[in-house]
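K.L.:
Below: one structure in structure tokens.
The values are calculated or read from the model by the stated rules, or taken from the named source; none is laboratory data. Nothing here was measured: the structure is a model prediction, and the numbers come from that model. Ideal geometry is used to build each Cβ from the backbone, glycine not excepted, and the neighbour counts take in all protein chains shown. What goes into the accessible areas is simple: the full protein's heavy atoms, side chains included, and nothing from ligands, DNA or RNA. Shrake-Rupley method; radii C 1.70, N 1.55, O 1.52, S 1.80 Å.
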Amino acid sequence: MLTYVVVFIIIAYLCIIGLLCYGFDLVDNFKLRDIPPKTKFSVIIPFRNEANNLPNLLDSILKLEYPKSMFEIILVDDDSEDNSVAVINSIVLKNSFKFANVDLQIIKNIRISNSPKKDAITAAVSVSKYNWIVTTDADCSLPKYWLDAFDECIQLKKPDSIVAPVTYHGKMTFLNRFQTLDMLSLQGATIGSFGIKKPILCNGANFCYRKELFYTVKGFNDNNTIASGDDIFLLEKFIAHDAKKVQYLKSKNAIVTTNPAYGLSALIHQRLRWASKTSENKNRYTKGTGFVVFFGNLTCLGLLPAIYFNSIALDIAVALYSIKFSIDFLLLFKTTRFFKQENLLLSYIFLSIIYPIFNVSIVFLTFFKSYEWKNRTFKA
């Protein structure tokens with residue numbers, strides 16, 4: 001009986017990830033055509049205690065090739081306890097000539113809910129000048145043709161919202177390799193889900209939408225009791241409003257890079273925060289996919305004890321693990337090739353053994369452990 005259950009779970013896993021692999025190739029690579037820019041953007045960047053990361057962000061903003069008269073930068077200070085604001089002012093002052101034509105302002109967050117980041121975005125939207133909102137994070141680096149890619153996508157595809165790619169940068173330590181492959185697996189699933197027209201994920205570090213749409217779906221109302229989820233909950237609302245107007249921007253020119261978590265403890269808290277969104281997620285396909293992925297990883301963990309207790313034949317266990325290993329590798333291969341991070345696949349064999357342990361552990365920890373985010377504690 002156990003064998004049939006395990007086989008069923010792995011087959012379900014194969015079907016889900018296989019569909020995402022198929023969908024990945026259905027999303028066309030978007031190449032810039034160098035058409036005259038027409039779209040004006042309000043770029044919103046919430047920050048809290050980001051003094052170390054802001055110089056890199058501001059430098060990447062200065063390097064944007066988009067006309068400076070066609071975008072504004074709204075930095076939202078979420079009660080920073082370090083000298084983040086002083087760092088911004090110092091950099092702007094020292095580079096006053098370069099920032100002369102950059103419309104940049106710092107505003108204070110207005111706390112109205114249990115979700116500081118959602119409050120920060122809402123506050124920034126309320127003072128934004130332009131109809132297109134782009135959100136990113138303070139620890140990100142923006143590619144120089146970032147806004148050009150959004151603009152051409154808007155002109156050519158006429159979307160109402162755009163999900164775009166994110167990956168990690170920095171030194172490739174063992175922990176960072178693990179995190180980057182994990183992030184790339186999520187990015188692969190994101191792209192694949194758009195390909196089969198069942199979007200399940202997005203990342204607020206690279207998210208674009210019409211301001212009027214934000215107000216039409218009533219922003220973060222109904223889900224601001226959860227600290228995180230400023231991205232996925234909006235995506236769900238946008239899809240419910242008009243799924244055909246939600247696009248994925250599969251462009252190398254739009255890839256935003258960000259920092260991996262510093263240390264194992266920070267990584268665990270980050271993943272607990274991400275997992276905390278699950279209970280409020282109303283998308284059945286998203287929940288179903290998460291359910292199958294969890295039990296696929298749990299099944300892999302159970303194969304060794306099942307073999308030891310003669311509950312499953314060795315050859316069947318090896319075959320089932322090989323199926324999961326292969327389909328995961330296929331999705332990661334497609335994703336790493338798009339992000340030009342194929343060298344990470346050298347670590348895949350070893351990390352594929354660790355990942356099921358990590359994934360299952362995080363799920364169980366959500367029932368017992370709160371998480372920390374920007375020196376604040378929230379319930380998972």
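K.L.:
Just one of (1) closer than 20 Å to Asn131 by Cα; (2) part of a helix (DSSP H, G or I) trips up Phe220, so point out which.
P.N.:
With (1) closer than 20 Å to Asn131 by Cα; (2) part of a helix (DSSP H, G or I) applied to Phe220, the lone miss is (2).
K.L.:
Then there's this: Which one of Val27, Val6 is open to solvent by 10 Å² or more (accessible area, probe 1.4 Å), on the phi < 0 side of the Ramachandran plot, touching a Gly at 6+ places or on another chain (Cβ under 7 Å) and not acidic (Asp, Glu)? Lay out the reasoning, then the answer.
P.N.:
Working: Val6 fails: touching a Gly at 6+ places or on another chain (Cβ under 7 Å).
When all the criteria are applied, what remains is Val27.
K.L.:
Quick one: in segment 275-284, of everything that is within 16 Å of the chain's Cα centre (by Cα) and closer than 15 Å to Ser370 by Cα, which residue is least open to solvent (accessible area, probe 1.4 Å)?
P.N.:
Ser276
K.L.:
Additional query: Collect the residues in segment 307-326 that are closer than 25 Å to Gly23 by Cβ and either open to solvent by 20 Å² or more (accessible area, probe 1.4 Å) or of a type in the set (S, T, N, Q) (or both), keeping them in residue-number order.
P.N.:
Tyr321, Ser322, Ile323, Phe325, Ser326 - these are the residues of segment 307-326 that are closer than 25 Å to Gly23 by Cβ and either open to solvent by 20 Å² or more (accessible area, probe 1.4 Å) or of a type in the set (S, T, N, Q) (or both).
K.L.:
Follow-up. What residue, of Asp315, Asp328, is in a helix (DSSP H, G or I), without any contact (Cβ under 8 Å) to a residue 12 or more places away in the chain and among the acidic types (Asp, Glu)?
P.N.:
Asp315
K.L.:
Exactly one condition in (1) modelled with pLDDT of 95 or more; (2) surrounded by 23 or more Cβ atoms within 10 Å (Cβ to Cβ); (3) more than 19 Å from Val246 (Cβ to Cβ); (4) not polar (S, T, N, Q) is not met by Pro165; state its number.
P.N.:
(3)
K.L.:
Restricting attention to segment 241-274, report how many residues are over 17 Å from the mean Cα position of the chain (by Cα), touching a residue at least 24 places away in the same chain (Cβ under 8 Å), closer than 19 Å to Leu181 by Cα and in a helix (DSSP H, G or I).
P.N.:
Qualifying residue count for the region: 1.
K.L.:
Can you find a residue that is outside any helix (DSSP H, G or I), modelled with pLDDT under 90 and within 21 Å of the chain's Cα centre (by Cα) anywhere in segment 285-303?
P.N.:
no
K.L.:
Could you list, in sequence order, all residues of segment 195-217 that are open to solvent by 20 Å² or more (accessible area, probe 1.4 Å), in contact with a helix residue (DSSP H, G or I) (Cβ under 7 Å, 6 or more places away or on another chain), part of a helix (DSSP H, G or I) and of a type outside the set (D, E, K, R)?
P.N.:
Thr216
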